[in-house]
Structure formats: structure tokens, C-alpha cells
Amino acid sequence: MKYLCALRDLLISLVTSTIIIYAINIIAGFGGADYVFSHGETFIVWILMAILVNNCLKK
């Protein structure tokens, strides 16, 4: 049962981090910024944001 809860938390954090990253990028685009990320940069930011969201879920 713990595995299912951990898998659910992982999926929630990965999806939420994707939404947050794209939302920040779109809002910055409205402000006139043009950000271009390489695949490696995107992956690192995505994983770090997922860790942050996962830590916030535990509280």
C-alpha cells in the first residue's frame, strides 16, 4: 500500500512541476522575456521542481 501512495505522490509532483514550469514560462513571455531551455536544463529544472512539490505534499 505504501508503494501505491508513493507512486501517486510521484505522479502528482511530476505533473504539478510540469504545469508550474510552463506557467512561469508563459507568464514571463507575457512580460517580454524569451526563454529557451536545452533538454538537459529542462530536465534538471523539472526534477528539482518535482522534489520541491513532493516536499510540500508531505506537510
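The values are calculated or read from the model by the stated rules, or taken from the named source; none is laboratory data. Just so you know, these numbers come straight off a predicted model, no measurement behind them. Only protein heavy atoms, including side chains, enter the accessible area calculation; ligands, DNA and RNA are left aside. Shrake-Rupley method; radii C 1.70, N 1.55, O 1.52, S 1.80 Å.
Counting only protein heavy atoms and using a 1.4 Å probe, what share of the accessible area of the chain belongs to carbon plus sulfur, as a whole percent? Working shown, then result.
On the way: 3690 of 5000 Å².
Whole-percent figure for carbon plus sulfur exposure: 74.
On average, how much accessible surface per residue is there in the chain, in Å², for a 1.4 Å probe, leaving out ligands, DNA and RNA?
On the way: 5000 Å² over 59 residues.
I get 85 Å² per residue for this part.
If you stretched the chain out fully between I19 and V36, how much longer would it get, using 0.36 nm times the residue separation minus the C-alpha to C-alpha distance?
Taking I19 through V36 to full extension adds about 4.4 nm, to one decimal.
Which of these values of Cα Rg over 2.2 N^0.38 Å was calculated from the structure shown: [x] 2.69; [y] 1.31; [z] 1.26?
The calculated read-out lines up with [y].
Tilt of helix 2-30 relative to the longest C-alpha principal axis of the chain, in degrees (0 to 90, nearest 10)?
10 degrees
Given 0.36 nm per residue, what is the gain on full extension from A6 to I44 after removing their alpha carbon distance, in nm? Please report the intermediate quantities before stating the final value.
Values: separation 38, 0.36 × 38 = 13.68 nm, distance 2.10 nm.
Value of the extension gain: 11.6 nm.
Using just the helices of the chain, give the 222 nm mean residue ellipticity in deg cm²/dmol: DSSP H runs with n ≥ 4 each add -39,500 (n - 2.57), and the total is spread over all residues, rounded to 500. Intermediate results must be reported in sequence, preceding the final value.
Working: 2 runs with 48 residues, N = 59.
Roughly -28500 deg cm²/dmol at 222 nm, from the helical runs in the chain.
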